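This report concerns only the one structure given below.
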Amino acid sequence: MPTQTVLGLETSCDETAAAVVRLGANGKVEVLSSVVGSQIAAHAPYGGVVPEIAARAHVESIDAIALQALSDAGLGFGDLTGVAATAGPGLVGGVMVGLAFGKAVALARGLPLVAVNHLEGHAVSAKLGADLPYPFLLLLVSGGHCQLLGVDGVGACRRLGTTIDDAAGEAFDKIAKTLGLPYPGGPALEALAEGGDPDRFPLPRMLLGRKDCDFSFSGLKTAAARIAEALTTEAERRDLAAAVQAAIARQLAEKSDRAMAAYAVEHEGRGLRFVVAGGVAANRAVRAKLTEIATARGFSFTAPPLAYCTDNAAMIALAGAERLALGMSDPLDAPARPRWPLDQAAASANPTHVAGRKGAKA
Ligand code: KG4
Ligand code: ZN
């Protein structure tokens, strides 16, 4: 397999990102540059991402950010072997910006294009910091998604569980809002929870009776909002934040534990690897709880370096590089897809696994 040097572009939500990643003939992964232009300041006054503001901000910054990524890598367009751009799922106005930019570069330079599924990017993100061969069991937890997936190889994912309502990051964000914390809520809630007592406020345990690997956070959200209304002191807010964080971590761990048990039977005698990825993988309480469960089940535990948990283009470049190395690329009319499940078969076969009310979580 020849060495791949790929420009990655990510514009599916509120980060305009570009990166250059090299995938060696020996499988070695090197991030040559990774630039992330955050739009947090533009969206903060609205308490969440405003799609039209996001799309315009991508248009304004994509050129400079892509050039910055090339210059940080010490490379020019002529050194690339391919271009990879997020083609969905996400806010389609933004997706179109990065994808169109990627197509333009591919066309002008005669390079192959990969239209990357953003979730496939998260799925390979742990490889940016560690040697991680396929197959592995993946918990993908971000602002838009919450899924357990068996990842058997490049583009080969089987879904073992998903959320029936909110994604884990969405739960962090919404509960953070009821606690009066600024957007994005996940990191703010983690900071507030520091030193809090997670046992002061009992919160409901969701889907306890169910034997599947699906998640639900709506009951937790409602319970937390009710408690938050009656809080008066800073110490109480801290304790509620700690309780919410612990409850989310516990549910992620319980469902991952169940998935690990089934996965271990399927993969008996082979290496057992558990990976967590996505923005929520940056949470220390979540990482700690998952490490504990994985160790107890005899799985290795890998999480991406913190910078590659939240949205970035290095993971998109790597997903593209892996495909290019196998001779896979996409035509220049590849569409932008607001919804794009990683595992199309599971999505259409199981009606509880279709996209949620408020967006594509599956
Ligand atoms: O992967 P990501 O950047 O974007 C999506 O593809 O959704 O994930 C963003 C989500 C947000 O909901 C954010 O609040 C959450 O990840 N998040 C965290 C932390 N850092 C980011 N949640 C809990 N603790 C954190 N430290
Ligand atoms: Zn993401």
Could you go through region 2-9 and let me know if any residue there is small (G, A, S) and more than 17 Å from M96 (Cβ to Cβ). no
If you go through V36, V29, V6, the only one that is within 21 Å of the chain's Cα centre (by Cα) and open to solvent by 60 Å² or more (accessible area, probe 1.4 Å) is V36
Among the candidates D131, D63, which residue alone is acidic (D, E), open to solvent by 30 Å² or more (accessible area, probe 1.4 Å), in contact with a strand residue (DSSP E or B) (Cβ under 9 Å, 6 or more places away or on another chain) and at pLDDT 95 or above? D131
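So that you can scan it fast, the table gives a plain yes or no per residue for (1) closer than 22 Å to G88 by Cβ; (2) within 16 Å of ligand 1 (Cβ to nearest atom); (3) part of a helix (DSSP H, G or I):
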residue: A100; (1), (2), (3): yes, no, yes
residue: V105; (1), (2), (3): yes, no, yes
residue: V116; (1), (2), (3): yes, yes, no
residue: H122; (1), (2), (3): yes, yes, yes
residue: S125; (1), (2), (3): yes, yes, yes
residue: D131; (1), (2), (3): no, no, no
residue: Y134; (1), (2), (3): no, no, no
residue: L140; (1), (2), (3): yes, yes, no
Among the numbered criteria (1) hydrophobic (A, V, I, L, M, F, W, C); (2) in a loop (DSSP other than H, G, I, E, B); (3) surrounded by fewer than 17 Cβ atoms within 10 Å (Cβ to Cβ), which single criterion is violated by C213? (3)
Scope region 103-118; condition of a type in the set (A, V, I, L, M, F, W, C), over 19 Å from the mean Cα position of the chain (by Cα) and open to solvent by 10 Å² or more (accessible area, probe 1.4 Å); matching residues: A104, V105, L107, A108, L111
Tell me whether region 85-97 contains one or more residues that are among the polar types (S, T, N, Q) and either within 16 Å of ligand 1 (Cβ to nearest atom) or assigned to a helix (DSSP H, G or I) (or both). yes
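Residues are listed down the side, and each one gets a yes or a no for (1) open to solvent by 10 Å² or more (accessible area, probe 1.4 Å); (2) modelled with pLDDT of 95 or more; (3) touching a helix residue (DSSP H, G or I) at 6+ places or on another chain (Cβ under 6 Å); (4) of a type in the set (F, W, Y):
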| site | (1), (2), (3), (4) |
| --- | --- |
| L140 | no, yes, yes, no |
| G143 | yes, no, yes, no |
| L148 | no, yes, yes, no |
| V151 | no, yes, yes, no |
| A167 | no, yes, no, no |
| F172 | no, yes, yes, yes |
| A176 | no, yes, yes, no |
| Y183 | yes, no, yes, yes |
| G186 | yes, yes, yes, no |
Among what's in region 296-310 and is more than 16 Å from ligand 2 (Cβ to nearest atom) and part of a loop (DSSP other than H, G, I, E, B), pick the residue that is most open to solvent (accessible area, probe 1.4 Å). R297
In region 94-117, is there at least one residue being more than 16 Å from ligand 2 (Cβ to nearest atom) and modelled with pLDDT under 95? no
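The values are calculated or read from the model by the stated rules, or taken from the named source; none is laboratory data. Just so we're clear, the structure is a prediction, and the values are computed from it rather than from any experiment. Counting neighbours? That spans all protein chains shown, and the Cβs are built from the backbone with ideal geometry, glycine included. The area values use the complete protein model at the heavy-atom level, side chains included, leaving out ligands, DNA and RNA. Shrake-Rupley method; radii C 1.70, N 1.55, O 1.52, S 1.80 Å.
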